Structure formats: C-alpha cells, structure tokens
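Here the structure comes first, spelled out in structure tokens, and everything after it is commentary.
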Amino acid sequence: MKLLNTTRTPTAFYISAQGCEEQATLGRSCNLETTLKGLHHFSRRVLQPLQGCARFAFTPRVASQARQPWAALQNAVGVQLVAAFLAIWLLNVGSASAQINPITVHMIGDSTMANKPVIPANPERGWGQMLHMYFKDSVRVENYAQNGRSSKSFIAEGRWDKVVAALKPGDFVIIQFGHNDEKTNDVSRGTAPFGEYTTNLVRFIRETREHQATPILATPVARRKFDAAGKLADTHGDYPTAMRAVAADQKVPLLELGTATEKLLQQLGPESSKRLFRWIPADEFGPGSKSWEDDTHFNAYGASRVCDLAVVEIEAKIPELARHLNRSAPPRASASQK
C-alpha cells in the first residue's frame, strides 16, 4: 500500500493497494462520493476512485487554542485510520471490478483445441477446454474453436466475425490452425502454407489489433505418429514454419505447442504416448460404446498435459497475461476431513 501527500492544505492523497498511480476510472458505477464521519478534526471525502488507486482530500477543521498541542497527533492518527479504511475499500472495489470486467482470452482453432461435450460421458477433450482452470477470476476464456475447421473455413463460416464483434481493449486471441489447412484436396478447407494460410493469420492479427486486443499464435500440436525406429514423424509440413515466419514478421507472441508436444510424445515413446490420446477400448464409456485408436485427438489427461505446456509458454512469453494465472495452492484438508 502506498500513501502519497500531494498537497498541503487541504491535504490530498493518492492511496494504492498495489503501488500503482494510474488515473483511469474504475467505471461509471464507481463514480461515487462518500463522506466518512467519526474521526476528530477532519471532514473527509473519497474523490474520483481510480484504477487500483483513489484520491482522498482531507480538510482539517480549526482546532481551539486549548487543544492545539494535541492537534498534530490527532490529525496523524486520523489520516492513518482513514488510509487503512480506504485501503480495505479499494481492495474490495478492485476485486469486484475484476469480476465485473474480466479480461477475455478468445480461442480460435480446430478440434484439438475445441470444447467437447462431457454429458453423456465422452473420452475426448480439447486443450482449450481446460485453460480456464489455470486463471484467476480476472480472466474469462471463450473457446470458439470447432472440429474440422481450418483458417479458411473458420473465416468463410462467419465464425471469425463473431470473435471480432466480441473483442474489447485488453483482450487476447489465441490462434491455432494447421491440421485442416493441410487438407489441400478439400477446397473448402485447404490452404497453401505460404499463401492463403499466411494471409489468414495476418488478417487475424490485424483485426485483433484494430480492437486493441493482443493476438497470440500457437503452432499446431503434434500427432502421434512414430516410424518403425520409434522416432516421431512430422505430419504438419511447412505450416508451423509459415506460422513462425508470420509471428516474427508481425512481432506476435508465439506459443510453440508443436515443438513442446513433439518433445513430450518422443519422451513418452510409441506405447506410453497412447495415454494422451483417444485410445479407448470398446465398452469403456458404457455398454456398446465404440473403441477408438485416434492419434490426433486428446483424452482428458492428454488435453490437460497440452494445456500445461501452453501455460509454460504463456509464462515465458506473455507476462501481461501470465500475471493473471492462478498460482494459489488449494487448501489442505484437515485431519478430520481425511
């Protein structure tokens, strides 16, 4: 907490719960004036609540000659009490403001990122489905990713327009395409890596920035495909390379999920890596449920591990978003609860 004396008479202060001195308003609902009573020698007003700060003007009353020796002490105690009260008030207002106006992380991409139904029981998850659990209440995650979409079809179907309409200053957009852009035999989805794919990525970046939001690129996650020698095979061709070139040219943060997932799969090897994907025996998710041997889509555990890797990249490369990560440990169970 910081208390700064900015004038002498009347005495005016800025007080900050986080050491800040920004002068942005918290919002129309916080444009209030409160008179605090009950402390000697002061009439006190809370003026112009600020972003994490507030300015307070304290106007001393005239003390009688008989009480002059005590005035300085009483005034000092009064200022301290008011500062403590208002620090608590600011913390409450700041917390409420974060919940009312959270930063939004918008996610666009394909099935490896997309939300999947959980009722009835379903073995598949997208890594974007897990991301909200890593953040404090100051961040909201909106996952627009859809199964089977490429950068081309996501735009053609009007899905990108909906994201743009929802953007507000301070938001973030995580962009992961590649899996379906590679399907060049499909005219509705296929794109050339250094052609339309690059053009679409640049459009996502440009229009995100036009709304004072931050674009973030994420290279496509690896498929589980090993050769006979147990080495992971590349399945994405030039698309990750094209995305890296766009990130460098446009000066955009890049989450290297392709490289990170390749390392994870290679570390686990051909057999153990099945645990990350939708490799499911028949009847495991209820009588008559089908078996799966899917090397592209994640199960809940795999999606969680990929999300872990994404968060490591966010911590390393996007500090303005990383500061909203929820690092608090869950409360320990008491002996009676164990």
Task: Members of region 299-322 found to be surrounded by fewer than 16 Cβ atoms within 10 Å (Cβ to Cβ) and of a type in the set (Ser, Thr, Tyr), listed by number - done: Tyr301
- [ ] Return only the number of the condition from (1) more than 19 Å from Ile155 (Cα to Cα); (2) in contact with a Gly (Cβ under 6 Å, 6 or more places away or on another chain) that Pro220 does not satisfy.
- [x] (1)
Open item on the list: When the residues of region 205-228 are narrowed to those that are more than 18 Å from the chain's Cα centre (by Cα) and in a helix (DSSP H, G or I), which ends up nearest to Pro253 (Cα to Cα)?
Closed with: Arg206
Open item on the list: Among the residues of region 150-163, are any modelled with pLDDT of 95 or more, closer than 30 Å to Lys290 by Cα, out of contact with any Pro (no Cβ under 6 Å at 6 or more places or on another chain) and in a loop (DSSP other than H, G, I, E, B)?
Closed with: yes
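If you take the residues of region 138-161 that are out of contact with any Gly (no Cβ under 9 Å at 6 or more places or on another chain), under 20 Å from Thr199 (Cβ atoms) and in contact (Cβ under 8 Å) with a residue 40 or more places away in the chain, which of them is surrounded by the fewest Cβ atoms within 10 Å (Cβ to Cβ)?
Taking region 138-161 and keeping what is out of contact with any Gly (no Cβ under 9 Å at 6 or more places or on another chain), we get 138-140, 142, 148, 153, 155-161.
Restricting the remaining residues to those that are under 20 Å from Thr199 (Cβ atoms) gives 153, 155-161.
Pick out the ones that are also in contact (Cβ under 8 Å) with a residue 40 or more places away in the chain and you get 155, 159-160.
Working: Ile155: 17, Arg159: 15, Trp160: 20.
Within region 138-161, the match that is surrounded by the fewest Cβ atoms within 10 Å (Cβ to Cβ) is Arg159.
State yes or no: is Leu264 more than 29 Å from Pro120 (Cβ to Cβ) and over 21 Å from the mean Cα position of the chain (by Cα)?
On the way: more than 29 Å from Pro120 (Cβ to Cβ): yes; over 21 Å from the mean Cα position of the chain (by Cα): yes.
Yes: the conditions hold for Leu264.
Could you tell me whether region 109-121 includes any residue that is over 22 Å from Asn180 (Cα atoms) and touching a helix residue (DSSP H, G or I) at 6+ places or on another chain (Cβ under 7 Å)?
Residues of region 109-121 that are over 22 Å from Asn180 (Cα atoms), as a first pass: 118-121.
Restricting the remaining residues to those that are touching a helix residue (DSSP H, G or I) at 6+ places or on another chain (Cβ under 7 Å) gives none.
Checking region 109-121: not a single residue is over 22 Å from Asn180 (Cα atoms) and touching a helix residue (DSSP H, G or I) at 6+ places or on another chain (Cβ under 7 Å).
The values are calculated or read from the model by the stated rules, or taken from the named source; none is laboratory data. Since the structure is predicted, the reported quantities are computational estimates derived from the model, not experimental observations. Every residue, glycine as well, gets a Cβ built from its backbone with ideal geometry; the counts of neighbours run over all protein chains shown.
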